[in-house]
Amino acid sequence: MNKLLVANWKMNKNTLECIEFFNEFNSKYSAKRDAWVSPQAIHLSLAIHEGAKKNVKCGSQNASDHTSGAYTGELSPKNLKELGAHFTLLGHSERRQYFNETSKLLNSKVKTALQEGLKVIYCVGETLPERESNQTLSIVGDQIHQGLNDITDAHEDNLIVAYEPVWAIGTGKTASPTQAQQVHAFIRAELKKKFPSFGDKVRLLYGGSVKPDNVEELLGQKDIDGGLVGGASLKAKDFLALCGDK
Ligand code: PGA
């Protein structure tokens, strides 16, 4: 399977900047690697339209655990799917940290999004104090087990997991390829135990200061199937380089 690079634009870019990105990206993207883009929800419709010209799939950065109703400000996974969204990120560390999303709530969001036919990129990762006190694997293991409870084989093609050490996000500090591979191998083993029929097929992305100059080494690791990229995905030129198009 192709390596997968997912752009997480967070709360960045205005409408014109979105259009400029796709104009430049689409002119050079050769689909050596799969490219997905996650803009702000207000630009999703535009991004879906522009991305479709080069089979670049787009998705949201969050989705509700409800499909409709009195939930002011929330994003319905059902309506995201109807709009043409391909996936949603769930459990990004910024959502866990600033919006108090727990793995228990995320489990409910993951199940609802999968039921509505969205692919889910479920994010996990430890903070610096957790790493320094040797808790990385237990924290990541808990996030996997709690967040991915009760997922059936019917969704085997739609689950993706992203390992993003919180201390490496937006800091310029990348986990070394060896550090990243070690956690990815652990996640792979946990997924195989949890989902014996498809755990070995789940795409595992690494995120945290992925850049053109470290991407090849990271993607060269056995259990790293792609990257979830913030800062370096904002410029079309850099995201093209990550996708193997210089
Ligand atoms: P970064 O962000 O690439 O800027 O470190 C990654 C992410 O938050 O998904």
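Here are the numbers for this structure:
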| quantity | calculated |
| --- | --- |
| Region 158-183 residues that are outside any loop (DSSP other than H, G, I, E, B) and more than 10 Å from the ligand (Cβ to nearest atom), paired with ones that are hydroxyl-bearing (Ser, Thr, Tyr) and open to solvent by less than 30 Å² (accessible area, probe 1.4 Å) (beta carbon under 6 Å, 6 or more apart) | Val161/Tyr122; Tyr163/Tyr206; Ala180/Tyr206; Val183/Tyr163 |
| From the options Gly208, Gly227, residue that is within 11 Å of the ligand (Cβ to nearest atom) and in contact with a Ser or Thr (Cβ under 7 Å, 6 or more places away or on another chain) | Gly208 |
| Selection from region 97-124 of residues that are under 18 Å from Ala154 (Cβ atoms) and open to solvent by 10 Å² or more (accessible area, probe 1.4 Å) | Asn107, Ser108, Lys111, Thr112, Gln115, Glu116, Gly117, Lys119 |
| Unique match (being open to solvent by 10 Å² or more (accessible area, probe 1.4 Å), without any contact (Cβ under 8 Å) to a residue 12 or more places away in the chain, over 21 Å from Lys119 (Cβ atoms) and not in a helix (DSSP H, G or I)) among Lys193, Lys246, Lys211 | Lys246 |
| Residue among Asp213, Asp200 that alone is acidic (Asp, Glu) and either under 22 Å from Gly141 (Cβ atoms) or modelled with pLDDT under 95 (or both) | Asp200 |
| Every pair of residues 6+ apart whose Cβ atoms lie under 7 Å, when the first sits in region 215-233 and is within 25 Å of Ser60 (Cβ to Cβ) and part of a helix (DSSP H, G or I) while the second is open to solvent by 30 Å² or more (accessible area, probe 1.4 Å) and within 11 Å of the ligand (Cβ to nearest atom) | Gly231/Gly170; Ala232/Lys211; Ala232/Asp238 |
| Exclusive hit being in contact with a strand residue (DSSP E or B) (Cβ under 6 Å, 6 or more places away or on another chain) and open to solvent by 40 Å² or more (accessible area, probe 1.4 Å), set Ala63, Ala41, Ala35 | Ala41 |
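The values are calculated or read from the model by the stated rules, or taken from the named source; none is laboratory data. Fair warning: this is a prediction, and the values are worked out from it, not measured in the lab. Every residue, glycine among them, receives a Cβ derived from its backbone with ideal geometry; neighbour counts consider all protein chains shown. Side chains included, ligands, DNA and RNA excluded: accessible areas come from the protein's heavy atoms. Shrake-Rupley method; radii C 1.70, N 1.55, O 1.52, S 1.80 Å.
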